[in-house]
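Some notes on the structure that comes next.
The values are calculated or read from the model by the stated rules, or taken from the named source; none is laboratory data. Predicted model, so just to flag it, every value in this text is computed and none were measured. Cβ coordinates were reconstructed from backbone atoms using ideal geometry, including for glycine residues, and neighbour counts include every protein chain displayed.
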Amino acid sequence: LRIAVLVSGSGSNLQVLIDKQLNNSLNIEIVGVISNKETAYALTRAKNANIATFVIDKNEQGKTYKRAEFERLALHVLKPLEVDLVVLAGFMKILTPLFINGVKDELNAPMVNLHPSLLPAYKGLDTHERVLKSGERYHGCSVHLVTSELDAGQLLSQAVLDVRPDDTPATLQNRVHALEHMLLPRTIDFIAHGVIDVENVGDVYRFWGN
Ligand code: GRF
């Protein structure tokens with residue numbers, strides 16, 4: 001599976017994919033990493049693995065690209081990579097139908113996003129704080145197909161944990177992050193092997209973590 005990964009930050013999920021590609025435990029080739037932040041550590045991780053990186057951050061005037069400009073450039077970068085799957089892993093920019101339909105129609109590739117909550121609950125930011133404030137018993141992470149509604153596309157998989165009485169936003173973040181590192185490669189593996197058919201999604205795959 002030829003995949004492109006879009007990132008904005010640390011890229012620990014990208015690192016897991018790189019490691020699994022390198023030790024052949026996941027049948028993928030990461031053919032490009034696109035970042036909307038020039039300072040993202042994910043870029044260093046990609047470069048260290050000799051993966052092509054593309055930074056779409058500031059224009060010649062030093063201004064951050066407007067959404068539509070970013071999306072056009074990203075599609076332009078993705079097109080020649082001939083990807084089978086686009087993965088959003090810690091990509092923090094909201095995408096509009098321009099990009100989402102472009103991926104579908106021009107690249108003919110599905111796109112998945114990794115989100116740190118049990119969707120459809122807790123879309124958006126600060127999920128760990130909100131989960132704690134609401135006194136939830138369960139939390140976790142989800143992988144879903146990307147549609148133009150934020151964090152609302154068809155769910156593919158989830159990993160669930162029990163919220164502990166002594167959890168803080170920081171401990172929950174760490175625990176969910178560890179679950180993500182399991183869930184994302186596993187879900188990509190399911191897509192690669194046709195266990196998950198992105199054209200005709202059946203059951204949501206759920207895993208328990210701790
Ligand atoms: C993850 O929690 C992901 O769900 C969220 O951003 C974080 C990215 O982590 N959207 P990393 O950059 O892969 O370390």
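With the condition kept exactly as written, say whether any residue in the range 173-185 is buried (at least 16 other Cβ atoms within 10 Å of the Cβ) and more than 14 Å from PRO116 (Cβ to Cβ). Yes, because at least one residue in the range 173-185 is buried (at least 16 other Cβ atoms within 10 Å of the Cβ) and more than 14 Å from PRO116 (Cβ to Cβ).
Might you let me know whether the range 186-204 holds any residue that is touching a His at 6+ places or on another chain (Cβ under 8 Å), of a type outside the set (Gly, Ala, Ser) and surrounded by fewer than 17 Cβ atoms within 10 Å (Cβ to Cβ)? Show your work before the answer.
Restricting attention to the range 186-204, the residues satisfying the condition of being touching a His at 6+ places or on another chain (Cβ under 8 Å) are none.
No, there is no match, as no residue in the range 186-204 is touching a His at 6+ places or on another chain (Cβ under 8 Å), of a type outside the set (Gly, Ala, Ser) and surrounded by fewer than 17 Cβ atoms within 10 Å (Cβ to Cβ).
If you go through the range 2-24 and pick out every residue that is more than 9 Å from the ligand (Cβ to nearest atom) and over 19 Å from ALA74 (Cβ atoms), you end up with 7.
Where residues in the range 93-117 are within 16 Å of the ligand (Cβ to nearest atom) and among the hydrophobic types (A, V, I, L, M, F, W, C), which of them is surrounded by the fewest Cβ atoms within 10 Å (Cβ to Cβ)? Ranking the candidates gives ILE94 first. Screening ARG175 against (1) among the basic types (Lys, Arg); (2) farther than 30 Å from LYS79 by Cα; (3) without any contact (Cβ under 8 Å) to a residue 12 or more places away in the chain leaves a single unmet condition, (3). Working carefully through the options VAL131, VAL146, find the one that is crowded, with 20+ Cβ neighbours inside 10 Å and outside the structural domain of ARG186 (by TED's automatic domain parsing). On inspection, the qualifying residue turns out to be VAL146.
For the range 153-200, taking the residues that are hydrophobic (A, V, I, L, M, F, W, C) and more than 18 Å from the chain's Cα centre (by Cα), the one that is nearest to the ligand (Cβ to nearest atom) is identified as LEU172.
Kindly indicate whether LEU132 is of a type outside the set (S, T, N, Q) and in contact with a Gly (Cβ under 7 Å, 6 or more places away or on another chain). Here the answer is no, as LEU132 does not meet what is asked. For first residues located in the range 114-134 and assigned to a loop (DSSP other than H, G, I, E, B), partners that are away from the ligand (no atom under 14 Å from the Cβ) and of a type in the set (Phe, Trp, Tyr) and lie 6+ apart or on another chain with Cβ distances below 8 Å form the pairs LEU118/TYR138.
The set of residues in the range 46-56 that are within 16 Å of the ligand (Cβ to nearest atom) and surrounded by fewer than 21 Cβ atoms within 10 Å (Cβ to Cβ) comprises LYS47, ASN48, ALA49, ILE51, THR53, VAL55.
Exactly one residue among LYS104, LYS63 is basic (Lys, Arg) and within 18 Å of the chain's Cα centre (by Cα), and that residue is LYS104. Of all residue pairs spaced 6 or more apart or on separate chains, those with beta-carbon atoms under 6 Å, a first member in the range 141-170 that is over 14 Å from TRP208 (Cα atoms) and a second member that is surrounded by fewer than 18 Cβ atoms within 10 Å (Cβ to Cβ) and of a type in the set (Ser, Thr, Tyr) are GLY153/THR147.
Would you mind finding the one in VAL77, VAL83, VAL87 that is modelled with pLDDT of 95 or more, within 13 Å of VAL5 (Cα to Cα) and within 16 Å of the ligand (Cβ to nearest atom)?
Details: VAL77 fails: within 16 Å of the ligand (Cβ to nearest atom); VAL83 fails: within 16 Å of the ligand (Cβ to nearest atom).
Among VAL77, VAL83, VAL87, only VAL87 is modelled with pLDDT of 95 or more, within 13 Å of VAL5 (Cα to Cα) and within 16 Å of the ligand (Cβ to nearest atom).
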